[in-house]
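Below: the structure, in structure tokens.
The values are calculated or read from the model by the stated rules, or taken from the named source; none is laboratory data. This is a predicted model, so every value here is computed, not measured. Virtual Cβ from ideal backbone geometry, glycine too; neighbours counted across all protein chains shown.
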Amino acid sequence: MGRTGTRTLPAALLLTVLFLASVGHSARIKDLAYFRGTTSNPLIGYGLVVGLNGTGDKDKTMFTVNTLANLLDNVGIRVDPTQIKVKNVAAVMVTAKLPPFARVGTRIDIQVSSIGDAKSLEGGTLLLTPLQGPDAKTYALAQGPISVGGFSVSGQSGSTVQKNHPTVGFVSGGATVEQEVQVHFTNVQQLDLILKKPDFTTATRAMSLVNSLVPGANAQAVDAATIKLTVPASFQGRVPEMITQVENLEIQQEITAKIVVNERTGTIVMGESVKIHPVAVAHGSLTVQITEQQAVSQPLPFSRGETTVTPQTRIEVQEGKGALSMVGGVTIGQVVKGLNAIGASPRDLINILQTIKAAGALQAELEII
């Protein structure tokens, strides 16, 4: 019996081509920009999760042991840290986002992530944890039972079954805001509109639209990301109404010509504004074919030899013929059609696109992630 194995280099990957929104599609200003002072603020805290079913940190995780010893000491219980077993306890980092205009008593969602060697946070309860901002001030207090969207089960033989990520949990409304971030729009004279993706064309369009539909705003694009607005007399004391009016204006969004390639998954994303000038591309692949056969060696008659089976291996290397193909076009459909005509795998297309870019024929930004 023979056994034949064929390997083609480079390996073919799954090709997925997605198209971004076409140029000229309108969008609300609130989807493209935000007013300065209306963004969320990150919070972080260090705490303990208790009540785990033997899936917590190990005894050698000293920061968990010391934290538990300090916690017990604060409630009047003196213990020797070397005598503490922490298999039902896990040290975690708690993260959250403080929404703009959040008031004292507002409840926000939190995420809990293990920082030790705990196997799972399933069934655990987060103890009272202060959440601080970048200024080291406490803005919220977190506590509550953790919801884990997965599990991990192991047997005595060492086999393990795991679903999703059991060392990260979530608590809906698990933190209460204790300190507010003061943002006042009552008596402001000027507003800053910040584009999420800086672009001079989009900023200029937004400026012109605001000036035409909001009299007295005197909008001025100072750079690719910032548009300064003056609060007119008609909106004094009613700034939120002006913000609402500006946010719901629709403008044409400028889409940058860009190609994003994920080399790990073979996913290629192209914007509709991508253009490739006509260029000739030669593409070929390398095929390695390995054939193994078992041969029987018989000894001579009346000799003392033995019958043996010896493997025979044959390796053939064949390089595919790379014919020149014309690639180029003024629409994304023509570009994709030309690339597909080459018959290249996504990994090959990454190299082809890089080469076309180096040749100056690709009129787009190429980003590989």
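Within region 221-243, how many residues turn out to be under 14 Å from ILE194 (Cβ atoms) and not β-branched (Val, Ile, Thr)? Walk me through how you get there before you give the answer.
The first filter runs over region 221-243 and keeps only residues under 14 Å from ILE194 (Cβ atoms), leaving 221-229, 243.
Now restrict to residues that are not β-branched (Val, Ile, Thr): 221, 223-225, 228-229.
Qualifying residue count, region 221-243: 6.
Restricting the first residue to region 20-38 and requiring it to be modelled with pLDDT of 50 or more, which pairs with a second residue that is basic (Lys, Arg) and not in a helix (DSSP H, G or I) meet a Cβ separation below 8 Å and a spacing of at least six or different chains?
Filtered contacts from region 20-38: LEU32/LYS196; LEU32/LYS197; ALA33/LYS196; TYR34/LYS196.
What pairs come out if I take residues in region 105-126 that are in a strand (DSSP E or B) and pair them with residues that are basic (Lys, Arg) whose C-beta lies under 8 Å away, six or more apart or interchain?
ILE108/LYS97
THR256 is checked against (1) in contact with an Asp or Glu (Cβ under 9 Å, 6 or more places away or on another chain); (2) hydroxyl-bearing (Ser, Thr, Tyr); (3) not in a loop (DSSP other than H, G, I, E, B) and fails just one. What number does that condition carry?
Among (1) in contact with an Asp or Glu (Cβ under 9 Å, 6 or more places away or on another chain); (2) hydroxyl-bearing (Ser, Thr, Tyr); (3) not in a loop (DSSP other than H, G, I, E, B), THR256 violates only (3).
Under the condition of being under 25 Å from SER120 (Cβ atoms) and among the basic types (Lys, Arg), which residue from region 71-96 is farthest from the chain's Cα centre (by Cα)?
Looking at the filtered set, the residue picked out is LYS85.
From the list LYS97, LYS85, which residue is without any contact (Cβ under 8 Å) to a residue 60 or more places away in the chain and more than 20 Å from VAL171 (Cβ to Cβ)?
Numbers: LYS97 fails: more than 20 Å from VAL171 (Cβ to Cβ).
The match here is LYS85.
So PHE185 ticks every box in (1) assigned to a loop (DSSP other than H, G, I, E, B); (2) at pLDDT 85 or above; (3) among the aromatic types (Phe, Trp, Tyr) but one. Which box is left unticked?
It is condition (2) that PHE185 fails.
Take the residues in region 85-96 that are surrounded by fewer than 19 Cβ atoms within 10 Å (Cβ to Cβ) and modelled with pLDDT of 95 or more, then tell me which one is farthest from VAL65 (Cα to Cα).
Only one residue fits best here, namely THR95.
Among the numbered criteria (1) at pLDDT below 85; (2) part of a helix (DSSP H, G or I); (3) surrounded by 14 or more Cβ atoms within 10 Å (Cβ to Cβ), which single criterion is violated by THR82?
Status for THR82: all satisfied but (3).
Taking region 228-248 as the region of interest, how many residues are under 11 Å from VAL214 (Cα atoms), in contact (Cβ under 8 Å) with a residue 24 or more places away in the chain and either part of a helix (DSSP H, G or I) or in contact with a Cys (Cβ under 9 Å, 6 or more places away or on another chain) (or both)? Explain how you work it out, then say what you get.
Taking region 228-248 as the starting set, the residues that turn out to be under 11 Å from VAL214 (Cα atoms) are 229-232, 234-235, 242-243, 245-246.
Among the residues that remain, those that are also in contact (Cβ under 8 Å) with a residue 24 or more places away in the chain are: 229-231, 242-243, 245-246.
Applying the additional criterion that residues be either part of a helix (DSSP H, G or I) or in contact with a Cys (Cβ under 9 Å, 6 or more places away or on another chain) (or both) yields 242-243, 245-246.
Going through region 228-248 one residue at a time, the tally reaches 4.
Looking at region 195-217 only, could you name the residues that are over 33 Å from the mean Cα position of the chain (by Cα), surrounded by fewer than 18 Cβ atoms within 10 Å (Cβ to Cβ) and part of a helix (DSSP H, G or I)? Steps first, please.
First, the residues of region 195-217 that are over 33 Å from the mean Cα position of the chain (by Cα): 208-217.
After this cut, where a residue has to be surrounded by fewer than 18 Cβ atoms within 10 Å (Cβ to Cβ) as well, the list is 208-209, 211-213, 215-216.
Within region 195-217, SER208, LEU209, ASN211, SER212, LEU213 meet the criteria.
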